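Notes for the one structure printed next.
The values are calculated or read from the model by the stated rules, or taken from the named source; none is laboratory data. All of these numbers come straight from a predicted model, not from anything done at the bench. No Cβ is skipped: glycine too gets one built from the backbone with ideal geometry, and neighbour counts run over all protein chains shown.
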Amino acid sequence: MEHSQNFVLFLVTLNQMITVSVVLIFAGLAGLFSERSGIFDIGLEGKMLISAFFAAAVSFATGNVWIGVLGGIAASMVFALIHGITSITFRGNQLISGVALNFLASGLTVVLGNAWYRKGGQTPTLSGDARFSEITLPFADALRDVPFLGPIYAEVISGHKPLVYVAFALVPLSWWLLYRTRFGLRLRAVGENPASVDTAGISVIRLRFVAVLIAGVLCGLAGAYLSTSQGAAFGREMTAGRGFIALAALIFAKWRPWYLLMATLLFGLLEAISNLFPNIDVFGLFTIPVQFTQALPYILTVVILAGFVGKAIPPRAGGEPYVKER
Amino acid sequence: MTLMKKILGATAALALSAGAALADPAIIYDLGGKFDKSFNQAAHEGAERWAKETGGTYKDVELQSEAQREQALRRFAEAGFNPVVMTGFAFASSLEKVAPDYPDTKFAIIDMVVDQPNVRSVVFKEHEGSYLVGIMAAMASKTGTVGFIGGMDIPLIRKFACGYVQGVKAANPNATVIQNMTGTTPAAWNDPVKGAELAKAQMAQGADVIYAAAGGTGVGVLQAVADAGKLAIGVDSNQNYLHPGNILTSMLKRVDVAVYNAFKTGPELETGIHVLGLADGGIDYAMDEYNKDLVTPEMLKAVEDAKAGIISGEIEVHDYMSDNSCPVE
């Protein structure tokens, strides 16, 4: 079935929206868990970077991309643990700890990369089973001829790499965990009023460590997605600020899982549009330059933060280390 | 205590005299890093070739951040390295400040003109080489749509784009060229993931030959194009070997020659502006065993004719940086 050029472009835009928003979904959910428990996490970027490096390095060494993903998650969890120890156990400043982790990741990946591969911080290019390949969902080809919905199923929903589906499955899972389980209630409470949680006889320290480590796992997935799924090697500084865009998405979403999905898809859509249509001509009256589309996520976040459209209220105990009364 | 002082003094004097007497050359790579498989790597190869041929030694450093430019320049000049070569336009403002402080040290900057008495500025006619690969792209394209992906949006990269478009239109006036720049900050040289997404976007719009002039970002472009079984064109270094069968050619910018020449002449480096183009072999396109099956005799003939025409002055390729505009889109 032949489609018009415009319809094909529409499908391609949606497809790119999904591939570029996945990394933001992982990182945004990581920030969600951490910040909902009262621990600000500005080190999403660093955790993603270290995970991207180790995922690529382990995939290259073992030839199996799933082991590589585990390697990335492990590296990211080590970083998360450092963040936990400095900011929960020793009650250090959470922002400074996060910034320090970002610097550490940026330096460590290049130093290790140079020492192991002598390619200026890059890892060797991954091929075959050492990287992810697309999976076609059942009936994608059979349903292709169904008008409108068929091609959307075949081109947009099917044909992505495995981690994409993992990301989209994690959104409802996170919602369920946070809003429908006892653990989730406690986790949210510890970010709002840790003293009351403590009074109920639940360990604030333990809950916060669990939240920070969940963030580590999710950042690990985000980093592994970059180097083994979207790309096929690690390159220095390859996260290129995506951790901070994820933080912006988290604020935009007012620290809620479903809103986060919408925010990341919107940011992904804007990036897809700027990739596909660098300069948008508006009825021949004026053109929207590509820089505007690229900056729009930040502009929107600032607008939300300023309280023009709804209000973004962060968890009340966020950023403050918990001190038990003596 | 006095003994300690003496020893310290002696070592310091030794270090100073050693530095001054050796006058080894030094090179500073830009943020892409010396193994970016492109621009900086070409510079690295030039330095290595010099070291192998002369048996000399040199010092090099890879920058980690913008802030280190001036610091690295001063450190090398202070230690007595001569000449000090730096790769990349971004060094211009730092060099402008540092060069007058070390009048006896010769500096060489690639890709930018710095007007100081002890500086050699090496610039390339990238538009000529881009014109040639543009001809090849238009002839190799089956869809009549080709792509260009630049790194950071600066006039130098627009110069590549403009030469390329002129070449494409010369071979096929009806061809469409889709152009994308990766970004507006130096991070755009190091974002292979975004490069791959841009390449996929261009291929979705029908492009089947994509020229990447984007440093480390280009690695992602070439990967995405090779994965899709389309054709890519490399830049600066010969990148044909990266994905044999999927890289049509590479636009060679002989940064290695510029570095090699600067190292070879040593402290007696001739200063002023040096322009390298097709005529003196500073710019070329790559043909080797990896791409010989992709380039047909007709393509080769058309490119060779154009090359001869540019050298003789018969074909004039517009330089974007001469007036900051491009006559064709």
Only strands (runs of 3 or more DSSP E) wholly contained in region B:135-221 count here; list those with 1 or more residues that are within 11 Å of chain A (Cβ to nearest Cβ) and of a type outside the set (Ser, Thr, Tyr).
B:145-152, B:176-183
Screening B:Thr249, B:Thr271 for residues that are in contact (Cβ under 8 Å) with a residue 40 or more places away in the chain and more than 19 Å from B:Thr87 (Cα to Cα) leaves only B:Thr249
Any chance A:Leu247 is of a type outside the set (Gly, Ala, Ser), assigned to a helix (DSSP H, G or I) and either over 21 Å from A:Leu265 (Cβ atoms) or modelled with pLDDT of 95 or more (or both):
no
May I ask you to list pairs of residues, at least six apart or on different chains, whose Cβ atoms are under 8 Å apart, with the first in region B:187-200 being without any contact (Cβ under 8 Å) to a residue 60 or more places away in the chain and the second being among the charged types (D, E, K, R)?
B:Ala187/A:Glu237; B:Ala188/B:Asp153; B:Ala188/B:Lys194; B:Glu197/A:Glu271
Residue, surrounded by the most Cβ atoms within 10 Å (Cβ to Cβ), within region A:113-123, restricted to residues that are more than 10 Å from chain B (Cβ to nearest Cβ) and more than 24 Å from the chain's Cα centre (by Cα):
A:Trp116
Options B:Asn82, B:Asn40: the member that is in a loop (DSSP other than H, G, I, E, B) and either within 14 Å of chain A (Cβ to nearest Cβ) or touching a Pro at 6+ places or on another chain (Cβ under 6 Å) (or both):
B:Asn82
Matching entry among A:Ile18, A:Ile67, A:Ile39, A:Ile96 (being out of contact with any Gly (no Cβ under 9 Å at 6 or more places or on another chain) and more than 23 Å from A:Ser127 (Cβ to Cβ)):
A:Ile96
So A:Val20, is it among the β-branched types (Val, Ile, Thr), closer than 14 Å to A:Thr239 by Cα and in a helix (DSSP H, G or I):
yes
Test result for A:Gly223, more than 20 Å from A:Pro314 (Cα to Cα), within 14 Å of chain B (Cβ to nearest Cβ) and part of a helix (DSSP H, G or I)
yes
Selection within region B:199-252 - of a type in the set (D, E, K, R) and under 17 Å from the mean Cα position of the chain (by Cα):
B:Asp236
Touching a His at 6+ places or on another chain (Cβ under 6 Å) and within 28 Å of A:Ala295 (Cβ to Cβ): is that true of B:Lys200 in this structure?
no
How many residues does region A:141-156 hold that are over 30 Å from the mean Cα position of the chain (by Cα) and assigned to a helix (DSSP H, G or I)?
4
Within region B:76-83, is even one residue over 20 Å from B:Asn190 (Cα atoms) and either of a type in the set (D, E, K, R) or in the same structural domain as B:Gly218 (by TED's automatic domain parsing) (or both)?
yes
Can you name every residue in region A:227-255 that is within 12 Å of chain B (Cβ to nearest Cβ), of a type outside the set (A, V, I, L, M) and touching a residue at least 12 places away in the same chain (Cβ under 8 Å)?
A:Ser227, A:Thr228, A:Ser229, A:Gln230, A:Phe234, A:Gly235, A:Arg236, A:Glu237, A:Thr239, A:Gly241, A:Arg242, A:Phe244
Residue match in region A:165-174 (condition: away from chain B (no Cβ under 14 Å), under 24 Å from A:Ala27 (Cα atoms), free of Cβ contacts under 8 Å to residues at least 60 places away in the same chain and among the polar types (S, T, N, Q))
no
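Per-residue answers, yes or no, for (1) over 30 Å from B:Val61 (Cα atoms); (2) at pLDDT 95 or above; (3) within 14 Å of another protein chain (Cβ to nearest Cβ); (4) not in a helix (DSSP H, G or I):
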| position | (1), (2), (3), (4) |
| --- | --- |
| A:Ala52 | no, yes, yes, no |
| A:Ala55 | no, yes, yes, no |
| A:Val58 | no, yes, no, no |
| A:Val69 | yes, yes, no, no |
| A:Ala75 | no, yes, no, no |
| A:Leu81 | yes, yes, no, no |
| A:Arg91 | yes, no, no, yes |
| A:Leu104 | no, yes, yes, no |
| A:Val110 | no, no, yes, no |
